[in-house]
1. Consider the stretch A:485-537. How many of its residues are surrounded by 13 or more Cβ atoms within 10 Å (Cβ to Cβ) and small (G, A, S)?
2. Given the options A:S479, A:S515, A:S484, name the one that is free of Cβ contacts under 8 Å to residues at least 60 places away in the same chain, assigned to a helix (DSSP H, G or I) and under 21 Å from the mean Cα position of the chain (by Cα).
3. Test of understanding: among A:T151, A:T114, A:T195, which residue is β-branched (V, I, T) and closer than 23 Å to A:L250 by Cβ?
4. Among what's in the stretch A:367-389 and is within 8 Å of another protein chain (Cβ to nearest Cβ) and in a loop (DSSP other than H, G, I, E, B), pick the residue that is surrounded by the most Cβ atoms within 10 Å (Cβ to Cβ).
5. Of everything in the stretch A:273-296, what is crowded, with 17+ Cβ neighbours inside 10 Å and more than 7 Å from chain B (Cβ to nearest Cβ)? Give them in sequence order.
6. Can we say B:P92 is away from chain A (no Cβ under 11 Å) and part of a loop (DSSP other than H, G, I, E, B)?
7. Keeping to the stretch A:315-344, report how many residues are part of a helix (DSSP H, G or I) and under 17 Å from A:D213 (Cβ atoms).
8. Could you check B:R181 against (1) among the charged types (D, E, K, R); (2) more than 26 Å from B:T47 (Cβ to Cβ); (3) within 14 Å of chain A (Cβ to nearest Cβ) and say which number it fails?
Amino acid sequence: MSRYGRTGQLIRLAFRRDRFRILMWIIILAALMASVAWKFEDIYGTQSEIAAIKGTLASPGIVAMFGAFSFKGKVTTAEIFANEMLLFMALIQVVMNLALSVHATRGEEDLGITELVRSHAVGTDAPLAAAAWELVIVNGLLGILYSVGLTAANMPGASLEGNWLIGIGLAATGLLFGFLGLLMAQIADHSASATGLAYTLFGISYLARMITDVQHPRLTWWSPLGWVEKLAPYNDANWMPVWLSLATALILFGLAVMANNRRDLGAGALTTRPGKSRASAFLRGPLSLLWRRQRNVIIAWILAVIIFGIAYGTVFNTIGDILKTNPTMQQVFGAAMVHEANHKVLLSFTSLLAVVMAAVATIPGIQLILKAHTDETRGWLEAVYARPVSRTRLFFSYVGPAFLTSTLAYIGGLGGIVVMGDASLDHVKDGISAHEFWQGIAGQLPEIWVFLGIAVLLVGCWPRIKTFTWLYLALGFVSVYMGSLLKLPDWVKNVTPAGWMPRIPQHAVNWTTFSWMIGLAIVLVIVGWLGYRRRDLQMR
Amino acid sequence: MATQPILQIHQLQKKFGRFQALKDITFSVNAGEVFGFIGPNGAGKSTTIRVLLGLIRATGGSATIFGQDVWHDSVTIHQRLAYVPGDVYLWPNLTGGEIIDLLLKMNGTAHSDKTDALIKQFGLDPTKKARTYSKGNRQKVALIAAFSQDADFYIFDEPTSGLDPLNERVFQEAVLDLKQRGKAVLLSSHILSEVERMCDRIGIIREGQIIETGSLAEMRHLTRTMVTVTLGDDFDVTTLPGVHGVTAGHQAHEWQFAVEDSQLATIMATLAQHQVMALQSTPPTLEDLFMHYYTGKE
């Protein structure tokens, strides 16, 4: 029996198992790319519109978020499109690949399914190879759909080569991180830590590309995530990043196979150590149980968000110094005006970052709330329910830490930006003041709490559709993050709580909106809690 | 106290959407009694137990433990109740020892000498992470936590399905000890020999209905005794009244047949006139009863 025996059958099985999630990802990603491309000529069709956005895209703040791209000669609609969309689409595609790759390998192993499969006449590397093929096919299909969609949209300035370069380039980037996920699944000994490791590396690539983009764009070649920026599909098509990504992906797959052949099934390179034979005095109820199980995750999230903020803060001195891009300004307007302008730029940059931070900080909170239902279906709560522990107590043992984690993560993240950012400035007065910082906190917390409230509502009343929370958060993030660049109509932004508050600290907090959003969050939690007390629990 | 049952279920019903999982469940469990709850997969055993624990809400009928409603007063009831689920799922990144202590603390009790003794008896390594435990070891964790607890009512849902014979015996001894101390036990099991050995009364459930309750002795009267006899002459036993499923044995004049209990005395008298050389009679085992109730009425 060859080491890859029956890989084909396992590939078919993988597609049957994951058909809904694959279908959902492909539809959302392909539709996003095609619809934006389709609308793009209306948004940035004329030379004056292009000239205006070109200036915005060259500003360091936007470079930090969307990547550094070089423009040559007459800039076309298609080039603006590539600049705004490439990195953004790559990020979503990486998230998809990490989810699919860990799910298809370590996730199956955790459930004991791999053990069952491997007991049949199936090659030792066949499950891994099947997961790899699954990723190749999904990314390939997406790449083709992107290229076809872009060709159909036919933006001014687009070329056939550029369209295919975008499709294949994004597919290659996706594959690279997907195979990174496969490798991490072999190194870690369960899916949560595999995901954690993969996201850590992904985060490092992202921060590396951001810092290099703002300061020395040539160094961005050192970050795999930065390669996607180097495609320059419509002005100077470069296939090098594609070959680099594919070669790296192959190396990662080779390493994954090596790791797979050296380890025992169910174990990883990082092994589980024996622990205490007695519980500590601290571990005594559902709340401390959640902390004991999730403390690493909670601490890691808060730290990661703070580090993320600090990394963003390091680019303040480049962004908040207009004289670097416009040296004659001081002679014309005087020092006071320049400082005023610097402050405005930083406020606007911080407002955009606050949106990102709020979305990122909401993720661990939603995860904890949804965990209440995941733990329920896994049977882990059956033993707790059989004790004199009320449902209310159990429910709030998840909900409370969730709200606290998201709140702390957001404050930490924004704090990291502001503290590091202000420290990096030559002229501290240009930076974000304490008052503006707290405005920034008050501006986004209601939104975070409403999103968490929706998760609570769904887990309490309709747990089957809990995944909807992620879609809703993603919609909220995209509509605000990309909203102004894509000139989305206001109603799109207002569909989710992310758009209900004005941009803060650029604008002042609207305390009426603040109050009723908090009220709404409280109502959502109460309704969810009532539902949770009434419904049947789901057991295996 | 002794006269009032610990658990009382009356015409309990549960619907999942259109599917009627429980149609009519009625039985009770008294103090100092081990009640065996048997039935095939999917008959409703675990659903009944989950209603009793207040995990799911009954759609009809009533169920009380210690005289209190299982849904509304679940938290109060659980203070004096211990439960071991059929499939034990444990938090993968905690050790077995930590989980045992945690479960005890959630009942307001603590790790005691008894806990240590149980860990030793069951042969559990409490320092291992739950992720690495086999099914049997996961069950041991739940069993140790349940037996170290000083409850008045114990519910076991197929607790020994992953245990080896040695641990199965430890379990049985621990249950008999509970019984002697006047505790009430509800034991749902597939291992009929275990139920037969330990249970005072038995309830048989089929398709969401309790079809029989009573002691094993009472139930035996409802069925037939198997008789194997070797006679000294050519007597044809098929002529006897109340005899069923007659087959010829391996030797000449050897017969096997089933007798209705009501006819046993007359048949023995008749057989005695035909030079009985060997006679074996076996009362129906619980397995026979089980088959009797499930494979139709034969």
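The values are calculated or read from the model by the stated rules, or taken from the named source; none is laboratory data. Note that the structure is a prediction, hence the values are computed from the model and not measured. We place every Cβ from the backbone using ideal geometry, glycine too, and count neighbours over all the protein chains shown.
1. Of the residues in the stretch A:485-537, 5 are surrounded by 13 or more Cβ atoms within 10 Å (Cβ to Cβ) and small (G, A, S).
2. Numbers: A:S515 fails: under 21 Å from the mean Cα position of the chain (by Cα); A:S484 fails: assigned to a helix (DSSP H, G or I).
Going through A:S479, A:S515, A:S484 in turn, the sole match is A:S479.
3. Numbers: A:T151 fails: closer than 23 Å to A:L250 by Cβ; A:T114 fails: closer than 23 Å to A:L250 by Cβ.
When all the criteria are applied, what remains is A:T195.
4. A:A386
5. Within the stretch A:273-296, A:P286, A:S288, A:L290, A:Q294 qualify.
6. Values: away from chain A (no Cβ under 11 Å): no; part of a loop (DSSP other than H, G, I, E, B): yes.
No; evaluated as a whole, the condition is false for this residue.
7. Initially, the stretch A:315-344 is screened for residues part of a helix (DSSP H, G or I), giving A:316-319, A:322-325, A:329-333, A:335-344.
Now narrow it down to the ones that are under 17 Å from A:D213 (Cβ atoms): A:316-319, A:324-325.
The qualifying residues number 6.
8. (3)
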